[in-house]
Amino acid sequence: MNKIIKGKYLIDGNGAKPKENSAVIIENGKIKDITDSNNLPKEGYEILDYPDATIMPGLVEVHTHMHVSPEPGNYEAALNDSDTVLAIRATDAVRKTLMSGVTTMRDIGSKNHIAFPIRDAVNAGIIPGPRILLAGQVVTTTAGHCNYFGTEADTLDEAVTAARANMKLGAEWIKIMSTGGGFTPRSNMRAAQYPSETLKAVVDDAVRLGGRVCSHAHGTVGVVNCVKAGMHNIIHCTWLAEDPDKMFDYKEDVADQIAEKGIYVDATVATGYMRTFRDPDFDAEQARMLRDPGERADILQDMRKRGVKFVSGIDSGMLYVRFGDIAYTPERMVDVIGMGNMEAIVACTKTSAECLGVDEETGTIDKGKSADIIVVDGNPNDDIKALHNISTVMLRGNIVKEDGKELI
Ligand SMILES: [Zn+2]
């Protein structure tokens, strides 16, 4: 049945102030119109009224690993679990992601291509899940970051071939590891895994096939290589110095190029944060640094001032980063990057949809877009933490969670 949804406030995701007295008319799973809630059609619609809540676009999460458990022992599990267990875990992960208010997610690295049948099952209505975009297996070097769930490819030709294999299976995205990372013992976070020529060859070939490329980059050398290669989306962008005696090596001119080229940055600002209150064994000094990241925050704030476009991306599946955790990202964008509340909301809806290339379809409440809508108790424009209280979730016009109760 066609529906009308209204709340105390409407946030459309374009950055405008919350509007009162607005209702969204939904027909055939799409947004037909936004209208005055005091002047609604008398019949033909189911009216969904949330008088104390805010209506806004479903969240867009650009960084998940659906096959990885976020609980202790996750590295061993990712290494040893059968594909069947990985697929069952991923089934649970996509459901939790949807129920948390994420109506579009991108998976950027799953083992043995298990994400493809999961997406097929969601699209066929066999299991619940959001709109899913995939990168398939990550492209990495031999023994490189996430080699145990990626395709090892050392030369330029091997990297292009590995990317093509993902495109052949239906990936919209390629994920390539430009530096080492923390989840892979003995990979080097500060050093480059690939020269910029290899990254560029992968980008050019993915574009030829209608895809886009994102790249993990902790070390500054990897960030620089990504910018030279014309990467679409840089993940982490930590600016670690190559010299391990120094922490950061931030390059303002490269940040300007990131802004000028329109490269989207997922700074994973919330990723370690949950460990500070969930992990009983977490090092106290590290926890203090994560809560108050000092120089890292200064760098991110400077990037924001230079016009870099930040997107969501929490890295679900990393230790204590659970699949319903997306609300920590806008919260930390405000606390760490210095964004305003509405700016963080736009970053996690509209801008993230643009990054993923699905902004014609979703990311804002505008006429003609998919009715991907969430109901937030309270007003996240006043208090960004209200996004932890998403009570109702609508995907393509269907309510999948209502007043906290999961319906499918
Ligand atoms: Zn990741």
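The values are calculated or read from the model by the stated rules, or taken from the named source; none is laboratory data. Remember, it's a predicted structure, so these values are computed and weren't measured experimentally. Note that each Cβ is placed from the backbone with ideal geometry, even for glycine, and that neighbours are counted across all protein chains shown.
Flag not set for residue 99, criterion: within 22 Å of residue 348 (Cα to Cα) and within 16 Å of the ligand (Cβ to nearest atom). None of 86, 40, 48 is within 16 Å of the ligand (Cβ to nearest atom), farther than 27 Å from residue 264 by Cβ, surrounded by 12 or more Cβ atoms within 10 Å (Cβ to Cβ) and not charged (D, E, K, R) except 86.
Kindly indicate whether any position in segment 32-44 is under 30 Å from residue 85 (Cβ atoms) and either among the acidic types (Asp, Glu) or under 23 Å from the mean Cα position of the chain (by Cα) (or both). No, segment 32-44 has no match at all. Among the residues making up segment 120-136, those that are surrounded by 17 or more Cβ atoms within 10 Å (Cβ to Cβ) and more than 14 Å from residue 98 (Cα to Cα) are 121, 134, 135, 136. The sole residue among 55, 47 that is more than 26 Å from residue 133 (Cβ to Cβ) and of a type in the set (Val, Ile, Thr) is 47. Does residue 12 qualify as being at pLDDT 95 or above and in a strand (DSSP E or B)? It is false that residue 12 is at pLDDT 95 or above and in a strand (DSSP E or B). Candidates 42, 32, 17: the one that is in contact with a helix residue (DSSP H, G or I) (Cβ under 8 Å, 6 or more places away or on another chain), of a type in the set (D, E, K, R) and outside the structural domain of residue 312 (by TED's automatic domain parsing) is 17.
For segment 107-116, the criterion of being of a type in the set (Phe, Trp, Tyr) and within 16 Å of the ligand (Cβ to nearest atom) is met by no residue. Scanning segment 339-381 for residues that are among the aliphatic types (A, V, I, L, M), in contact with an Asp or Glu (Cβ under 6 Å, 6 or more places away or on another chain) and part of a loop (DSSP other than H, G, I, E, B) yields a single hit, 365.
Residue check: residue 13 meets all listed conditions (1) surrounded by 19 or more Cβ atoms within 10 Å (Cβ to Cβ); (2) within 30 Å of residue 146 (Cβ to Cβ) but one, namely (2). Among the residues of segment 279-330, those identified as within 16 Å of the ligand (Cβ to nearest atom) and part of a helix (DSSP H, G or I) are 328, 329. Please work out if residue 363 is under 28 Å from residue 7 (Cα atoms) and surrounded by fewer than 19 Cβ atoms within 10 Å (Cβ to Cβ). So residue 363 fails the test.
Does at least one position in segment 321-334 carry a residue that is more than 16 Å from the chain's Cα centre (by Cα) and assigned by TED's automatic domain parsing to the domain that holds residue 126? Among the residues of segment 321-334, at least one is more than 16 Å from the chain's Cα centre (by Cα) and assigned by TED's automatic domain parsing to the domain that holds residue 126, which makes the answer yes.
Does residue 346 qualify as being under 21 Å from residue 5 (Cβ atoms) and out of contact with any strand residue (DSSP E or B) (no Cβ under 9 Å at 6 or more places or on another chain)? Yes; evaluated as a whole, the condition is true for this residue.
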